[in-house]
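*Asks:* Got a structure for you, questions after.
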Amino acid sequence: MYTLEDLFDRRSPVGTRLEQILMEKKCTKAELSKKTGVSRPTIDKVLSGTITSKKNYETHMSKIMNYLQITPDILLGNNACSSNRVREIRSIIRISTEKMASATGISQERLQQIEAGEKATITELREIAMQLRTSTHVITNQYFFEPQFSEMEYYMDMKDALDEISGFWGHVGIKLCGIDKYMWYPINSNTRKMIYKSIDEELMVIPCMNNKVLFLNMSNIEDITLSDFDADTPSGKNWDEHVSCGEIPLVVYEALEDYEENSQVTLYNDTENSTELYRYLMEYVRKNGWTEEDIFQLLNTSVFYYLDGRKKSTIIDFYQDSDDIIETIEMVYGYDFTDIEQNFMFYIDAHDETENFVNLKGISMMELPLLKVEEEIFRRNDQ
């Protein structure tokens, strides 16, 4: 038996189910508003799953369920809905089910079922994530870092956006001690706010929109510059004209994993990716002239930048539970814990399986693959 309190955490699929019930009962939103005293704009937010106050949500839902004579069990079904945010994000991105169906090849009926909580295949999830300009991690609530949307923020319906959702804002430029140039990375507006909040901490973690997450030892950082995308080109800071603007959805990097693991000829004989996503990947790989080894390096390489200006590229075996780097990133980013006592951080090299200790005091920055780190954080927490 479900209760009113159970609905809030699943408000996106609940909103889809509620809309289905309104259609079955031939009840318009105008009628529902008049009979319940809940305003039309609020009803739209209930249906899209974008109300952020649990207390307000439960107050409105209580009135709606009482009028429609339905229970939480009817809204959630006989089984718990799978947690997804498709409807909620679709509303913020401002894309209709008709347009989504046309772009993905998934029928409107099937999209409704997924939004209502039915389990989706990896193919369906990737198609949906591609159209929502994000990752499957985000739409299935399996994300740890700031959700990344490859969309200019002014195109998004921010009045209905939840606090953790934001679009592309601009770039962060980082100048490390010992390196006479800035390195530029695309970030969203919430990450910009986080940088301001954490600027005086000893350690900082910055998720970027190009599948990179940065681990900074702030005592070894000379300068950090923030540049809005519509501002003038930063002067005297070796601006990179080719820097990503976060235009590639993270789901593309997810799908590239399959591209790298299979030959180009046989890749799409299975159902791991859709035809549309395949075409995008083929064009993306062709344009960059990548080999399978290039793709492997893109998805897996971590780079250590040392205080003396040296840098070292390596493939970290993140699946080793003894890896200090993952644990430290989780503590710093997730729990604002920056009082790290150890001087050395441990990791295992995936190529030669050597066990390594890196001196944190000699490190200025680590550049790590975001999706790999995020997946490993979730894997450990599920154990």
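The values are calculated or read from the model by the stated rules, or taken from the named source; none is laboratory data. Quick caveat, the model's predicted, so the values are computed rather than measured. All Cβ positions, glycine included, derive from the backbone under ideal geometry; neighbour counts span all protein chains shown. With ligands, DNA and RNA removed, areas are computed over all heavy atoms of the protein, side chains included. Shrake-Rupley method; radii C 1.70, N 1.55, O 1.52, S 1.80 Å.
*Asks:* Are there strands (runs of 3 or more DSSP E) fully within region 282-383 with at least 2 residues that are at pLDDT below 90 and either open to solvent by less than 60 Å² (accessible area, probe 1.4 Å) or not assigned by the TED database to the domain that holds Leu176 (or both)? List them.
*Replies:* Per the criteria, 344-348.
*Asks:* Can you tell me which residue in region 169-183 is farthest from Gly362 (Cα to Cα), limited to those that are open to solvent by 20 Å² or more (accessible area, probe 1.4 Å) and part of a strand (DSSP E or B)? If you could, list the steps in order and put the result at the bottom.
*Replies:* Of the residues in region 169-183, the ones open to solvent by 20 Å² or more (accessible area, probe 1.4 Å) are 169, 175, 177-183.
Next, from what is left, pick out any that are part of a strand (DSSP E or B): 169, 175, 182-183.
Numbers: Trp169: 31, Lys175: 16, Tyr182: 19, Met183: 19 Å.
Out of the qualifying residues, it is Trp169.
*Asks:* A follow-up question, please. When you look at Thr36, is it under 27 Å from Leu125 (Cβ atoms), among the polar types (S, T, N, Q) and surrounded by 15 or more Cβ atoms within 10 Å (Cβ to Cβ), yes or no? Walk me through how you get there before you give the answer.
*Replies:* Details: under 27 Å from Leu125 (Cβ atoms): no; among the polar types (S, T, N, Q): yes; surrounded by 15 or more Cβ atoms within 10 Å (Cβ to Cβ): yes.
The answer is no for Thr36.
*Asks:* Quick one: Pro249 ticks every box in (1) open to solvent by 60 Å² or more (accessible area, probe 1.4 Å); (2) closer than 27 Å to Thr136 by Cα; (3) out of contact with any Cys (no Cβ under 7 Å at 6 or more places or on another chain) except a single one, so which number is it?
*Replies:* With (1) open to solvent by 60 Å² or more (accessible area, probe 1.4 Å); (2) closer than 27 Å to Thr136 by Cα; (3) out of contact with any Cys (no Cβ under 7 Å at 6 or more places or on another chain) applied to Pro249, the lone miss is (1).
*Asks:* Among the residues of region 117-131, how many are outside any helix (DSSP H, G or I) and β-branched (Val, Ile, Thr)?
*Replies:* Number of matching residues: 1.
*Asks:* Another question about this same structure. What's the number of the only condition in (1) at pLDDT 90 or above; (2) over 23 Å from Asp9 (Cβ atoms); (3) within 14 Å of the chain's Cα centre (by Cα) that His137 fails to meet?
*Replies:* All conditions pass for His137, except number (2).
*Asks:* Answer yes or no: is there a residue in region 123-138 that is in contact with a helix residue (DSSP H, G or I) (Cβ under 9 Å, 6 or more places away or on another chain), open to solvent by 50 Å² or more (accessible area, probe 1.4 Å) and not basic (Lys, Arg). Walk me through it before giving the result.
*Replies:* To start, the set of residues in region 123-138 that are in contact with a helix residue (DSSP H, G or I) (Cβ under 9 Å, 6 or more places away or on another chain) comprises 123-138.
From the residues that got through so far, the ones that are open to solvent by 50 Å² or more (accessible area, probe 1.4 Å) too are 133.
Filter once more, so that each one left must be not basic (Lys, Arg): none.
Taking every residue of region 123-138 in turn, none turns out to be in contact with a helix residue (DSSP H, G or I) (Cβ under 9 Å, 6 or more places away or on another chain), open to solvent by 50 Å² or more (accessible area, probe 1.4 Å) and not basic (Lys, Arg).
*Asks:* If I go through region 1-50 residue by residue, how many of them are among the hydrophobic types (A, V, I, L, M, F, W, C) and in contact with a Pro (Cβ under 9 Å, 6 or more places away or on another chain)?
*Replies:* Going through region 1-50 one residue at a time, the tally reaches 4.
*Asks:* Related question: Does Val46 satisfy the condition of being touching a Leu at 6+ places or on another chain (Cβ under 6 Å), crowded, with 16+ Cβ neighbours inside 10 Å and among the hydrophobic types (A, V, I, L, M, F, W, C)?
*Replies:* no
*Asks:* Just a yes or no: is a residue in region 202-212 at pLDDT 90 or above, touching a Leu at 6+ places or on another chain (Cβ under 9 Å), over 22 Å from Leu298 (Cβ atoms) and aliphatic (A, V, I, L, M)?
*Replies:* Looking for residues that are at pLDDT 90 or above, touching a Leu at 6+ places or on another chain (Cβ under 9 Å), over 22 Å from Leu298 (Cβ atoms) and aliphatic (A, V, I, L, M), one finds at least one in region 202-212, hence yes.
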